[in-house]
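Data block below; observations after.
None of the figures in this text is laboratory data; all of them are computed from the coordinates on show. Just so we're clear, the structure is a prediction, and the values are computed from it rather than from any experiment. Every residue, glycine as well, gets a Cβ built from its backbone with ideal geometry; the counts of neighbours run over all protein chains shown.
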Amino acid sequence: MKSSLEQLLATTDDLLYRARIYDRNLLRRDELLRMGEMRDSLVRNRWIADNGPLRDRAVETLLLMRQRLITLLEDMLYTA
């Protein structure tokens with residue numbers, strides 16, 4: 001069974017991929033790039049999963065990122 005951090009990384013990666021596809025006019029490009037960089041840094045630092053406080057912070061960050069990505073996707077799809 002996947003840990004919550006691994007599951008959040010997978011769902012965030014999927015949402016980020018979809019947001020990049022739907023951002024055809026590149027209106028949210030900078031924000032999506034920053035989110036991608038943050039996600040990449042979390043993937044590179046896999047040791048965070050073994051450290052309780054850092055893992056909790058990573059999960060919190062991914063939850064906020066996922067919430068923002070859902071909002072961005074709703075905005076992009078509503079205007080489409």
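With N set to the number of residues, divide the alpha-carbon radius of gyration of the chain by 2.2 N^0.38 Å and report two decimals.
1.14
Note the full-extension length gain between Ser3 and Glu31 as 0.36 nm times their separation in residues minus their Cα-Cα distance, in nm to one decimal.
Answer, rounded to one decimal: 7.4 nm.
For Thr11 and Ile70, compute 0.36 nm times the residue count separating them, minus their Cα-Cα distance, and round to one decimal in nm.
20.1 nm
Quickly estimate the mean residue ellipticity at 222 nm for the chain, helices only: each DSSP H run with n ≥ 4 gives -39500 (n - 2.57), and the total goes over all residues, rounded to 500.
Using -39500 (n - 2.57) per qualifying helix, the result is -27500 deg cm²/dmol.
Quick check on packing: order 17-25, 68-76 by the mean number of other C-beta atoms within 10 Å, highest mean leading.
Top of the packing list down: 68-76, 17-25.
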